[in-house]
Amino acid sequence: MNFKDYQPQINALIPYKDKTDFNSMLDKIFFGESNSDKFLIKMELNRLVKPCSRIIDLREKVIEKTNQYIHFDISHHLTLSANRELKAAIKLYGGYTIGAYEHVINHVQKIKKIQNEKALQASTTEVNENITENIELNNHRRQAAARMFYVSKVNIVLADGTNIDAATSNISVSGIKVKLPEQEQYLEVQLVKVIFTGLGSEYKDKAINNRRVCYRLVKQQQEKTGFYLYLNLEDDKPDFVKFIQGFIRANQHKYKLDVLYYFKVAREKSLKNSTLSSLNTLPLFINANNDNPILFMQRNAVNKDILNQWRCNNANQLPFLFNQKRLKALLALSQPKISTTVYSFTYIKDGEEYLLSATEQELQQTGLKHLFIEYGRSKPNWHCYHLTLQEYTYEAVKNYKLTDVRPTIFNDITHVATLTEVATHEVIEVDPRAEKGNPNLLNRFVHKEVEQGFTPTYDLFPDELRKEERYRYTSNIELKIADQTLAGKIVDFSGSGLKVELAMPKAIAKRSLVNIDFIDLQKVTKQFSLNNINYRVVSASAKHIYHLQIASRDSYMTMQQFFTLLVKSNPAHFKEIPLKSYKQPVTSRLHEAAESALHPAFFYVSVINGKPNISFSSISATSRSLKQLFNFDCKSNNQNNHIPLSNNKLLERLLSAPLRQTTLGETVFNFERTLYVKKVKDDNNKWSIETYLDEDFESDFSKREFIAEHKKLKQLQILHYRLSTINAPNLALVKSELDIISCHAMHLSKRLEEELLNIKAMIQVIDRTEQIL
């Protein structure tokens with residue numbers, strides 16, 4: 001008999017244990033039970049009411065705090081709730097009995113069970129809403145192309161001549177993963193030769209058959225299924241790449257494709273595109289060896305305001321931000337990434353407009369900070385900027401089209417700088433009791449130089465999409481597509497493209513490959529063969545006019561050289577079609593260079609059913625202080641924890657309330673604050689985060705005391721927080737990736753579309769600790 005099943009009835013019977021009508025009450029309460037069960041219950045009741053002398057000591061047995069309590073001259077160590085239960089049990093049993101003791105023990109076991117269940121639930125099902133996936137936007141992907149899981153025999157020849165028979169695990173146009181028969185460590189970064197014996201025997205193609213292709217060993221590791229080498233393609237063999245591309249395309253439905261690669265690429269590409277279009281930071285590319293260091297700047301619809309702020313006397317003054325003396329002083333700081341504050345303003349005297357700028361270091365060294373700020377902040381064009389400067393060498397690792405030529409100006413870049421306006425009051429607090437001084441002392445900061453030449457400003461999102469010069473010219477050609485030959489003529493040409501008009505109506509599908517014979521132009525040259533030149537159809541216009549782009553390296557080299565020579569030899573005959581704006585490098589190259597400016601921490605805000613929440617984040621591994629702060633309590637570097645922005649319900653003030661005051665998508669919205677983040681270690685050596693805003697301090701004096709105290713403890717980080725609207729990610733930009741994902745995993749494409757289209761705002765965080773301290 002299990003007495004636990006009858007515990008409520010037993011408890012109801014306890015008050016009658018010494019009464020004369022105990023047996024009648026027993027019969028009433030346990031009506032229907034057998035006499036043997038009633039006898040056992042009476043025996044159990046007698047056991048429970050026996051006096052007890054056992055001590056209850058819960059120290060080291062529970063996680064709650066315990067205190068000492070005395071009952072019936074016996075000292076117990078109990079939690080608050082256990083003591084409450086013991087008092088109730090003593091009242092029920094009429095003293096400290098075995099039943100009272102067991103009642104407390106059962107209570108403690110019950111509490112422990114609940115705590116264990118909560119802990120288990122927290123470890124298995126609870127999701128920390130502060131932790132988001134880190135999506136790096138300023139690092140080129142190591143995996144440059146999608147993999148197809150395909151097993152085929154290969155022979156690997158190491159640098160020392162050793163031959164290894166292996167098999168591919170997956171292949172892509174940029175690399176392969178191969179499985180070795182046994183584990184052995186090899187010298188990494190070495191170049192190896194790979195012979196595709198399996199593919200070579202199956203496909204009799206000169207691009208693959210008995211050909212040694214050069215790869216570089218980038219990683220080797222033991223996995224559950226064997227020992228693997230990771231190899232990156234190092235050879236410049238267009239026909240081999242074309243063969244692998246065609247093989248993957250033809251077999252992608254037969255063999256498993258790495259769909260998650262396309263999912264990640266699409267997400268990164270769309271987020272980076274939206275970030276660059278909404279970035280309020282102005283990237284400046286510098287050659288520190290030049291007399292005029294700034295080579296070019298990159299503009300979007302938001303950061304163009306900074307360019308306007310530096311215009312004075314109808315001239316751009318930004319090229320003089322880095323004069324030789326200032327640049328030399330900054331580079332002498334000898335830090336991987338130099339950060340400082342720049343102040344600027346303009347004033348008018350005798351009808352002349354002047355612009356002044358100074359760095360924090362310059363003002364500290366001259367003792368003119370108070371004078372500069374007090375005088376300058378009364379002017380309408382007063383601005384403060386966060387300036388960064390670091391070494392930079394442009395290295396293109398993407399697979400570009402034939403016509404996406406590397407700009408020669410990129411070869412001269414030695415450093416990249418960023419300029420971000422800081423509109424909070426954290427940098428302009430000065431002592432009002434200090435003497436104002438003589439404004440003439442500020443003349444040393446006036447921009448007196450005259451711009452030598454032209455410093456280009458390139459648009460990150462230009463309206464003009466043309467990559468090169470185009471010329472109007474009419475000449476007869478023949479187009480060969482499949483088994484047909486079509487007559488036509490050139491409308492205009494460039495080194496890599498043609499606009500052609502067909503003599504007879506004919507529908508040609510987009511992306512179709514055509515071979516062109518330049519009938520008339522072949523008559524004027526013997527140096528170049530202008531037959532069977534490969535082009536691809538990129539678009540069509542009315543009246544059977546098609547736009548073509550060069551489709552092979554050999555054809556590109558031929559036509560580029562021929563058209564260049566043709567135009568140069570006949571300058572009067574060929575007139576360039578005027579551009580809508582000045583010529584600039586191709587957009588993909590500009591975006592790749594602009595990634596170096598994405599070193600703040602970015603958090604992306606999704607709005608679902610009117611409720612905003614942070615859904616994604618991006619922090620560069622090179623932004624160490626930000627990465628360390630926002631990696632708090634994360635299990636890997638692939639996560640960020642935005643607890644510094646959300647502790648103590650801070651997101652209501654920093655995110656929800658500001659967004660309620662604007663209509664997303666209709667107006668440009670900008671909300672800035674200074675965050676004072678305190679890292680606190682408790683008695684158990686555990687760190688916690690506490691964040692304060694300016695309005696959380698009683699006075700400027702208390703804020704300065706707070707900063708001074710935690711500066712000594714090195715427990716303080718001061719951040720500049722900016723919340724702004726963001727252009728909705730353009731799904732057309734990732735259409736090719738979405739199409740591939742849809743073919744293999746429709747749910748992933750739907751998830752991606754929903755995630756991206758819900759993003760309405762962006763948070764940008766800059767570490768200003770050093771500048772403010």
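Quick check on my filter: what residues within the stretch 544-576 are in contact with a Lys or Arg (Cβ under 7 Å, 6 or more places away or on another chain) and within 16 Å of L521 (Cβ to Cβ)?
Correct list: L548 only.
Return the only residue of N287, N316, N323 being out of contact with any Phe, Trp or Tyr (no Cβ under 9 Å at 6 or more places or on another chain) and modelled with pLDDT under 90.
Working: N287 fails: modelled with pLDDT under 90; N316 fails: out of contact with any Phe, Trp or Tyr (no Cβ under 9 Å at 6 or more places or on another chain).
Checking each option against the conditions leaves just N323.
May I ask you to say which residue of V218, V189, V213, V194 is out of contact with any Phe, Trp or Tyr (no Cβ under 9 Å at 6 or more places or on another chain), of a type in the set (A, V, I, L, M, F, W, C) and either at pLDDT below 90 or part of a strand (DSSP E or B) (or both)? Talk me through it step by step, then tell me what you get.
Values: V218 fails: out of contact with any Phe, Trp or Tyr (no Cβ under 9 Å at 6 or more places or on another chain); V213 fails: out of contact with any Phe, Trp or Tyr (no Cβ under 9 Å at 6 or more places or on another chain); V194 fails: out of contact with any Phe, Trp or Tyr (no Cβ under 9 Å at 6 or more places or on another chain).
Answer to the selection: V189.
Pick from the stretch 599-648 the residues that are surrounded by fewer than 14 Cβ atoms within 10 Å (Cβ to Cβ) and of a type in the set (A, V, I, L, M): which of them is nearest to L675 (Cα to Cα)?
Only one residue fits best here, namely A621.
Looking at the stretch 527-551, which of its residues are in a loop (DSSP other than H, G, I, E, B) and either crowded, with 18+ Cβ neighbours inside 10 Å or modelled with pLDDT of 90 or more (or both)? Steps first, answer last, please.
Just the residues of the stretch 527-551 that are in a loop (DSSP other than H, G, I, E, B), to begin with: 527-532, 542-544, 551.
Matches in the stretch 527-551: Q527, F528, S529, L530, N531, N532, A551.
If you scan the stretch 154-190, which residues turn out to be among the acidic types (D, E) and touching a residue at least 24 places away in the same chain (Cβ under 8 Å)?
Keep residues of the stretch 154-190 that are among the acidic types (D, E), which gives 160, 165, 182, 184, 188.
Residues satisfying the conditions are E182, E184, E188.
So if I check each of N303, N292, N287, which one is of a type outside the set (D, E), surrounded by fewer than 18 Cβ atoms within 10 Å (Cβ to Cβ), closer than 19 Å to L318 by Cβ and within 29 Å of the chain's Cα centre (by Cα)? First the steps, then the outcome.
Working: N303 fails: surrounded by fewer than 18 Cβ atoms within 10 Å (Cβ to Cβ); N292 fails: within 29 Å of the chain's Cα centre (by Cα).
None of the others qualify; the one that does is N287.
Going through the stretch 226-257 one residue at a time, which ones are buried (at least 18 other Cβ atoms within 10 Å of the Cβ) and within 25 Å of K735 (Cα to Cα)?
Those that are buried (at least 18 other Cβ atoms within 10 Å of the Cβ) and within 25 Å of K735 (Cα to Cα): V241, F243, I244, F247, I248, L257.
Looking only at the stretch 666-700, how many residues end up being part of a helix (DSSP H, G or I) and modelled with pLDDT of 85 or more? Break it down stepwise before answering.
We begin by selecting, within the stretch 666-700, every residue part of a helix (DSSP H, G or I); these are 694-696, 700.
With the extra rule that they be modelled with pLDDT of 85 or more, the set shrinks to 694-696.
Qualifying residue count for the region: 3.
Which fully enclosed strands (runs of 3 or more DSSP E) of the stretch 288-374 have 2 or more residues being among the aromatic types (F, W, Y)?
Correct list: 337-349.
Count, please, the residues in the stretch 471-487 that happen to be without any contact (Cβ under 8 Å) to a residue 24 or more places away in the chain, in contact with a strand residue (DSSP E or B) (Cβ under 7 Å, 6 or more places away or on another chain) and either more than 20 Å from F574 (Cβ to Cβ) or hydrophobic (A, V, I, L, M, F, W, C) (or both). Working first, answer last.
Of the stretch 471-487, the ones without any contact (Cβ under 8 Å) to a residue 24 or more places away in the chain are 474, 482-487.
With in contact with a strand residue (DSSP E or B) (Cβ under 7 Å, 6 or more places away or on another chain) added as a condition, the list becomes 474, 485-487.
Applying the additional criterion that residues be either more than 20 Å from F574 (Cβ to Cβ) or hydrophobic (A, V, I, L, M, F, W, C) (or both) yields 485-487.
Qualifying residue count for the region: 3.
Suppose we filter the stretch 321-333 for residues that are buried (at least 21 other Cβ atoms within 10 Å of the Cβ) and closer than 22 Å to K379 by Cβ; how many remain?
The total comes to 1.
The values are calculated or read from the model by the stated rules, or taken from the named source; none is laboratory data. Predicted model only: the values in this text are computed from it and were never measured. Cβ atoms come from the backbone with ideal geometry, glycine included; neighbour counts cover every protein chain shown.
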